[in-house]
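Engineer: Quick one: the structure is below, questions incoming.
The values are calculated or read from the model by the stated rules, or taken from the named source; none is laboratory data. Keep in mind that this is a model prediction, so the values were computed, not measured. Please note: Cβ atoms are built from the backbone with ideal geometry, for glycine as well, and neighbour counts cover all protein chains shown.
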Amino acid sequence: MPSFIGRIAALRLAASAAATSSSRVVIAKQLGGRVSCLPQSSLRAGFVRAYATPARPKKTDAGSSTQAAGRPRKTAAAAPKAAAKKATTTTTTKKASAAKKATKPKKKAASPAKPKKKELTEVQKEKKEKAKIREEKAELKQKALFTEPKNLPSNPWMLFVTRKSAGVSSSKDTIGDRMATLSEEFKALSNADKEELQRTVEENKLQNAAAYKAWVESHTPEQIAEAQNARNALRRKFDYPKANGSHKIRDDRQPKAPRSAWVYFFRARHGSGEFTSLSPTETLKEVAQEWKNLSTVDRQPFNDLAAADLTRYKKEVESTLHREIASPR
């Protein structure tokens, strides 16, 4: 029996051959008598079309099969383009995914809990306060510039004691007995010895002044002003130093403090000569009472003098100490 493909081929031949009885017989024999009853018109028309299906795709030499009819064939040149398009699409997708991840706000890490501060005991608080006071005092002492040159003896008695004490390492006498003995010796000095002591004292004063001036000028005016403020704070807060007190640093470069209207009035009244018969204390009381009784018009000239002096002081502070005065003292 012929196969299915054979029968289809026979039908095609029957459709294209002439419509004769002999050809019909041949076809019938090939088909095994199954289509012998079909008319020639059926063979030429619908029947043949029904079985005229496209054949299976043939294999090419490269081993790949051809596509069915009606579909475009992918050529070898289109393969790189498709791969490039796929790679571009993949890259774009990755970039979009990365950008989306980047735009997402990062979760903040939970900050560790701060340890609670321990409550200090009264003893610890006291120690902390004392340490703070010591630190403040040490800082003020450093700013105060207690580094003045040591003065030579500036009076005959001190010079005499210094000379007598030189080279004496120890003594059985007490300090009181030693001073009493030196006092008797000093009183017994001749006039020539006393004059020599006085000349030496005057030379010492000149040397002391020169050394002190050199020490002051070795610092800037700003440093001297800061040192004086530190000394004032030490005396006010800590009563330091207790031995000889913190004296004021003598610096001619410092601006002189402005005078008030009361000071100008007192100087004017004291210089008038009307209070020569009175003591300084009585003079001060009399002038103070006059100042209280002055009217506003009478006080105005002294207020003007004080305002002018304040302006002078501000200018000197700005030029010398390089700072401004917020308000007058």
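Engineer: Can you pull out the residues in the stretch 215-227 that are touching a residue at least 40 places away in the same chain (Cβ under 8 Å) and assigned to a helix (DSSP H, G or I)?
Structural biologist: W215, P221, E222, Q223, I224, A225, E226, A227 - these are the residues of the stretch 215-227 that are touching a residue at least 40 places away in the same chain (Cβ under 8 Å) and assigned to a helix (DSSP H, G or I).
Engineer: Determine which single condition E202 fails, assuming it passes every other condition in (1) under 55 Å from the mean Cα position of the chain (by Cα); (2) surrounded by fewer than 17 Cβ atoms within 10 Å (Cβ to Cβ); (3) part of a helix (DSSP H, G or I).
Structural biologist: (1)
Engineer: Among E290, E318, which is charged (D, E, K, R) and over 29 Å from R253 (Cβ atoms)?
Structural biologist: E290
Engineer: Another one. Being assigned to a loop (DSSP other than H, G, I, E, B) and of a type in the set (V, I, T): is that true of I249 here?
Structural biologist: yes
Engineer: Can you name the helices (runs of 4 or more DSSP H) wholly within the stretch 76-189 that have at least 3 residues being under 30 Å from P241 (Cα atoms) and modelled with pLDDT of 85 or more?
Structural biologist: Output list reads 122-144, 156-165, 175-187.
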